[in-house]
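Below is one structure; the comments refer to it alone.
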Amino acid sequence: MKRSPLELDRNDLVRLDQAAAQGATRRDLLRMLLAMGILGPAAAGFAGSAQEAFAQAPKRGGRVRVAGISSSTADTLDPAKGALSTDYMRHYMLYSGLTQLDASLTPQLALAEEIRHDKAQTWTFRLRKGVTFHDGSALTPADVVYSLNRHKTPATASKVKTVSEQFTEVKAVGANEVLVRLATPNADLPVILAASHFVIVKDGTTDFTSANGTGPFKLKEFRPGVRTLVTRNERYWRPGRPYLDEIELIGIPDEPARVNALLSGDVQLALAVDPRSTTRVKASASHGVLETRSGLYTDLVIRQDVAPGNSPDFTLAMKYLLDREQIRSAIFRGFAQVANDQPLPPGHRYHFAGLPQRPHDPDRARFHLQKAGVGSGPFTVVAAPAATGSIDMAVLLQQSAKKAGLTLNVNRVPSDGYWSNHWMKHPLGFGNINPRPSADLLFTQFFKSDAPWNESGWKNEKFDQLLLAARAESDEAKRTQMYADMQVLVHEKCGIGIPVFMSFIDGFSNKVKGLGSIPLGGLMGYMFAEHVWLDG
């Protein structure tokens, strides 16, 4: 069967990568491509480009310093409590999950070497043999059972407790397998288990002042709010990885300071470069930027359990005041896609494109404000640099509100402590939501009535029913319709205004190689650690 080079799957590419890294000639690569069904000129052209791309094998050694966007005393080594991007990077360095997502967000086998299921409700995971924790002990089914079950225990305070409630039974079966039985079928379970919260910890672990995982790096130093230092795990279960000797992870909340640190050589990787800084980074001969389109959004949060957001008309008015195109072009310099108050981005397989685009319409906002009977205000909207772009969005919102006869004051607060002291705690504020690997996970964590991160306090019984039904639905067309109906409910009734979906922009030193895009977050969905290496 004749194939296009674009049809090569991940395993094909890995084989080509390994062969080239081991010194395969162009003829060797051509022979492999022919065996894969890539024929004629396409094979010759691809073999040449593959040889060139893979000519320089990854080098082992070296140290990379990485600047994230947050750092506080709430930094954690407990995957269940991970809440910020710096936590996610830390946890992917130190731990591994049963599955791991690739660039297409397809789950690949990790600690599990085989996955079987019965009608997507009863799942069996056969564990990879020879995997050891950093303390030298072997990975066992008991570790997996403990890791998954602890999310259901209230004392754990897991950020994915509502997700884990679908696990009705988790138990060891046989010498090397774990069975997970769900309350209802969920075909997305392998995707969900790739999230950093579900990585595997040692059976019985309750003390997370240190870390004992099976990940590519071992913990050397952890000072919350200061830095995390990790060293290569020589017994990592993936042969040949990682490449670096050490990684130091720090937080620099101020974006200009983060970019300055990159350009001065103080750090070699920087998360979340502002679009306005990209020209400056590109002007450096020794640095570059990587854009990854994603489902990342900074959203206007209108609490619906307090005034004035408890009026549906006030909520609608605020959504009509969002000038989405101006936010896209002026704030994000085009590194974003216009959104429509629905949390699944264009390009997502369940994105509902049939929703009429909500316009920027101060006159219609005025109409709804009058219906709400809230007068001319003033009201205060809280923003911080921690919620990317929120201060600029708040200023634009303030200007639009004037046209509708509403006075909005902008309260700019520091990034430090924003998520614990301000997020979801004011009638009007902003959130910043990283993409999730599945629609089910996103809706469960942020929109289900009892979700701990239900930003606006929105409670909708119909939405909750659809969420459970969609999770169990095996008919793809019916499931797609359910997710469409849920997006309509969020668009029309939820106290969340989503103006744009932002691209991830990473800054890097040209010495750092192996960096790619995984659209769950910056720096390869926060999983960069085992992939990157230093040249020179």
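The values are calculated or read from the model by the stated rules, or taken from the named source; none is laboratory data. Being a predicted model, the structure only gives us computed values, none of them experimental. Cβ: placed from backbone, ideal geometry, glycine included. Neighbour counts: every protein chain shown. Ligands, DNA and RNA are excluded from the accessible area calculation, which covers all protein heavy atoms including side chains. Shrake-Rupley method; radii C 1.70, N 1.55, O 1.52, S 1.80 Å.
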*Report the residue count in segment 183-205 for those that are open to solvent by 10 Å² or more (accessible area, probe 1.4 Å) and within 10 Å of Val144 (Cα to Cα).*
2
*Name the residues in segment 142-177 that are within 23 Å of the chain's Cα centre (by Cα), open to solvent by less than 50 Å² (accessible area, probe 1.4 Å) and of a type in the set (D, E, K, R), would you?*
Arg150
_For Val180, only one of the following conditions fails: (1) in contact with an Asp or Glu (Cβ under 8 Å, 6 or more places away or on another chain); (2) β-branched (Val, Ile, Thr); (3) part of a helix (DSSP H, G or I); (4) surrounded by 21 or more Cβ atoms within 10 Å (Cβ to Cβ). What is its number?_
(3)
*Somewhere in segment 454-461, is a residue crowded, with 17+ Cβ neighbours inside 10 Å and at pLDDT below 95?*
no
_Verdict on Ile69 being under 25 Å from the mean Cα position of the chain (by Cα), modelled with pLDDT of 95 or more and β-branched (Val, Ile, Thr)_ = no
*What is the number of the single condition among (1) farther than 20 Å from Pro141 by Cβ; (2) modelled with pLDDT of 95 or more; (3) hydrophobic (A, V, I, L, M, F, W, C); (4) surrounded by 20 or more Cβ atoms within 10 Å (Cβ to Cβ) that Phe208 does not meet?*
(4)
*Selection within segment 300-318 - assigned to a helix (DSSP H, G or I), of a type outside the set (Asp, Glu) and open to solvent by 10 Å² or more (accessible area, probe 1.4 Å)*: Pro312, Leu316
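Here's the yes/no breakdown for (1) over 17 Å from Tyr95 (Cβ atoms); (2) in a strand (DSSP E or B):
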| residue | (1), (2) |
| --- | --- |
| Leu148 | no, no |
| Ala155 | yes, no |
| Glu169 | yes, yes |
| Gly204 | no, no |
| Thr209 | no, no |
_For Val273, only one of the following conditions fails: (1) in contact with an Asp or Glu (Cβ under 7 Å, 6 or more places away or on another chain); (2) assigned to a loop (DSSP other than H, G, I, E, B); (3) open to solvent by 30 Å² or more (accessible area, probe 1.4 Å). What is its number?_
(3)
*How many residues are touching a helix residue (DSSP H, G or I) at 6+ places or on another chain (Cβ under 9 Å) and of a type outside the set (Gly, Ala, Ser) when one looks only at segment 377-396?*
8
_Selection from segment 365-399 of residues that are more than 17 Å from Tyr297 (Cα to Cα) and buried (at least 21 other Cβ atoms within 10 Å of the Cβ)_ = Ala365, His368, Leu369, Val381
*Any chance you could count how many residues in segment 491-503 are outside any loop (DSSP other than H, G, I, E, B) and either among the small types (Gly, Ala, Ser) or surrounded by fewer than 24 Cβ atoms within 10 Å (Cβ to Cβ) (or both)?*
5
*Are any residues in segment 504-536 open to solvent by less than 10 Å² (accessible area, probe 1.4 Å), within 12 Å of Leu244 (Cβ to Cβ) and small (Gly, Ala, Ser), and if so, which ones?*
Ala529
*Can you name every residue in segment 86-118 that is open to solvent by 10 Å² or more (accessible area, probe 1.4 Å), in contact with a Ser or Thr (Cβ under 9 Å, 6 or more places away or on another chain) and either farther than 29 Å from Trp419 by Cβ or not in a loop (DSSP other than H, G, I, E, B) (or both)?*
Tyr88, Tyr92, Pro107, Gln108, Leu109, Glu114, Ile115, Arg116, His117, Asp118
*Condition met for Asp274 (out of contact with any Gly (no Cβ under 8 Å at 6 or more places or on another chain) and without any contact (Cβ under 8 Å) to a residue 60 or more places away in the chain)*: no
*So which of Leu262, Leu296, Leu300, Leu269 ends up being within 30 Å of Thr315 (Cα to Cα) and modelled with pLDDT of 95 or more?*
Leu300
*Test for Gly204: is it more than 21 Å from the chain's Cα centre (by Cα) and on the phi > 0 side of the Ramachandran plot*: yes
*Of the residues in segment 331-346, how many are in contact with a Pro (Cβ under 9 Å, 6 or more places away or on another chain), under 25 Å from Asn454 (Cα atoms) and open to solvent by 30 Å² or more (accessible area, probe 1.4 Å)?*
2
*Which fully enclosed strands (runs of 3 or more DSSP E) of segment 379-487 have 3 or more residues being among the aromatic types (Phe, Trp, Tyr) and under 23 Å from Pro359 (Cα atoms)?*
none
*Yes or no: Ala404 closer than 25 Å to Ala272 by Cα and in contact (Cβ under 8 Å) with a residue 24 or more places away in the chain?*
no
*Hey, Tyr297 hits all of (1) within 22 Å of the chain's Cα centre (by Cα); (2) surrounded by fewer than 20 Cβ atoms within 10 Å (Cβ to Cβ); (3) among the hydroxyl-bearing types (Ser, Thr, Tyr) but one; which does it fall short on?*
(2)
*Is one or more of the residues making up segment 319-330 over 20 Å from Gln487 (Cα atoms), part of a loop (DSSP other than H, G, I, E, B) and touching a His at 6+ places or on another chain (Cβ under 7 Å)?*
yes
